[in-house]
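*Asks:* Before I ask anything, let me first share the structure, which is written out below as structure tokens.
The values are calculated or read from the model by the stated rules, or taken from the named source; none is laboratory data. All of these numbers come straight from a predicted model, not from anything done at the bench. Positions of Cβ are generated from backbone atoms using ideal geometry, with glycine treated the same way; all protein chains shown enter the neighbour counts. With ligands, DNA and RNA removed, areas are computed over all heavy atoms of the protein, side chains included. Shrake-Rupley method; radii C 1.70, N 1.55, O 1.52, S 1.80 Å.
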Amino acid sequence: HGLHTFSHISSTPWGLTLGTLLHGAFLPYTYSLIWYNAVRILVLILMLFLLNRKMIQEEFPVWKRILGFLLVPAPWYSISSIITGNNGEAVCFLIIGAVCILEEHELLAGFMMLFAMIKPQIALPFFAMFLLEKRWKTIAVSVTGVFTAWIFSAVWTQTNPLAQLRGMVSFANAMEAGYHVVGILDILRHVGVPNAAALLLSMLAGIGLLAVMAFGIRGKVNDRFCRYSIPAIVSIMWCYKTECDYMILILAALAILELWREQIGGKEALWLLAGLFMLYTKPFSTVLLGRLSFLSSYTCNRLDLYMKTAVIFILVWAMEKSNQYHSLKKSGK
């Protein structure tokens with residue numbers, strides 16, 4: 001019944017079909033809970049298996065692999081997922097798994113990204129990197145699957161696809177000003193800008209940052225986690241979020257591990273530690289700034305988002321330092 005109830009205001013029309021499969025909504029409620037939690041556990045196991053396989057391929061020493069596993073449940077955001085049952089955690093794990101197998105299994109990666117598109121606010125920035133790397137099979141599987149699911153949901157609910165698109169806009173306008181954050185330019189809503197307009201401007205700002213950073217490292221960075229840390233960080237600031245969506249920052253934390261080599265200098269190590277701290281404190285505002293009574297919770301959370309966004313510049317700077325080291329090593333200097 002809920003499928004019809006929300007057919008006009010869905011944030012993702014194709015999610016009506018994909019979400020039905022992921023959540024087991026075709027089953028009675030009691031059995032759907034069992035189905036969904038089983039899926040979440042299986043996705044977690046699959047992601048850990050693929051992550052371990054990727055770290056071995058990248059020749060991570062044992063201590064890095066152990067730390068990599070510990071980084072998965074470490075964010076406080078995992079608590080939000082457990083409490084709310086939000087599928088953001090599963091979506092993040094699907095994306096991380098797809099990134100780990102992209103080179104050898106493009107089709108499987110595309111299938112995983114298809115279900116990740118239930119939350120395009122997390123998944124879409126990664127397609128910019130797929131385009132730059134010419135991962136056509138991954139893109140084709142995902143896009144074809146999304147449109148197929150969208151058409152199926154439109155027929156199923158007898159709702160015009162254009163009406164479903166309008167529903168996405170109405171979803172943005174219906175966001176509560178005090179709870180939802182529409183992106184890095186959310187502050188515009190407090191000077192009279194409509195929710196949908198602030199969301200669109202945030203998306204444009206995120207796309208712009210992603211394009212500049214992605215083209216800036218194009219052909220210069222071979223480390224996979226480093227490359228995909230950029231869309232991971234952009235995904236938290238370009239569109240509206242729930243807390244467990246921040247689990248995608250695991251990719252950025254893995255990038256810091258990837259950059260942490262024996263030859264790293266003290267200055268670089270200090271910046272990487274600062275970056276890891278900013279990524280994993282949930283939120284930075286709650287632990288530190290939130291204790292300052294003259295700062296509102298909204299202001300604290302905005303500062304937290306800006307600090308997490310700043311990590312992208314730390315990572316790109318560290319990538320450049322790493323490239324300089326490798327260039328000197330190849331030249332014998």
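*Asks:* Once amide H atoms are placed 1.01 Å from N in the peptide plane, what residues at a sequence separation of 5 or more from Lys241, or on another chain, have their amide H within under 5 Å of its amide H?
*Replies:* Close amide H contacts, sequence-distant or interchain: Val181.
*Asks:* Which net charge results for the neighbourhood of Leu254, defined as the other residues with beta-carbon distances under 11 angstrom from its beta-carbon, given Lys and Arg at +1 and Asp and Glu at -1?
*Replies:* Neighbour charge sum, excluding Leu254 itself: +1.
*Asks:* While we're looking at this one, here's another question. Sum up the charges of everything whose Cβ sits under 15 Å from the Cβ of Asn87, counting Lys and Arg as +1 and Asp and Glu as -1, but leave Asn87 out.
*Replies:* Once positives and negatives cancel, what remains is 0.
*Asks:* Sort Ile250, Ile56 by heavy-atom solvent-accessible area, probe 1.4 angstrom, most to least.
*Replies:* So, going from the largest accessible area down, we get Ile56, Ile250.
*Asks:* Using the basic label-point model (7 angstrom from Cα toward the beta carbon), what is the Gln158 to Thr84 distance in nanometres?
*Replies:* Between Gln158 and Thr84, the simple spin-label model gives 3.4 nm.
*Asks:* Show which aspartates and glutamates lie in cross-link reach of Lys220 when reach means a straight Cα distance below 18 angstrom and same-chain residues fewer than eight apart are skipped.
*Replies:* Filter leaves Glu58, Glu103, Glu133, Glu258, Glu320.
*Asks:* Less than 12 Å apart at the alpha-carbon level, and either on another chain or at least 8 residues along: which aspartates and glutamates does that give for Lys321?
*Replies:* Of all the aspartates and glutamates, those that pass the test against Lys321 - Cα under 12 Å, at least 8 places apart if same chain - are Glu268.
*Asks:* Let me know the shape class of the range 58-109, please: from the alpha-carbon gyration tensor, a ≥ b ≥ c as square roots of the eigenvalues, rounded when a/c is under 1.5, otherwise prolate if a/b is greater than b/c, or oblate.
*Replies:* oblate
*Asks:* How many percent of all Cα-Cα pairs in the range 6-135 sit more than 27 Å apart?
*Replies:* 23 percent
*Asks:* Could you give me the ³J(HN,Hα) list for the range 67-72, computed from phi with Karplus coefficients 6.51, -1.76, 1.60 and θ = phi - 60°, whole Hz, x at Gly and Pro?
*Replies:* In residue order, the calculated couplings are 5, x, 5, 5, 5, 5 Hz.
*Asks:* Still on this structure, please answer the following. Could you derive backbone 3J(HN,Hα) for the range 155-163 from the dihedral phi with the Karplus parameters 6.51, -1.76 and 1.60 (θ = phi - 60°), listing whole Hz in sequence and x where the residue is Gly or Pro?
*Replies:* So the Karplus estimates, Gly and Pro as x, are 5, 4, 8, 6, 10, 4, x, 5, 5 Hz.
*Asks:* Same structure again: HN-Hα J couplings of the range 221-231 from phi, Karplus 6.51/-1.76/1.60, θ = phi - 60°, integer Hz, Gly and Pro as x?
*Replies:* Couplings: 10, 9, 6, 5, 4, 5, 4, 8, 5, 5, x Hz.
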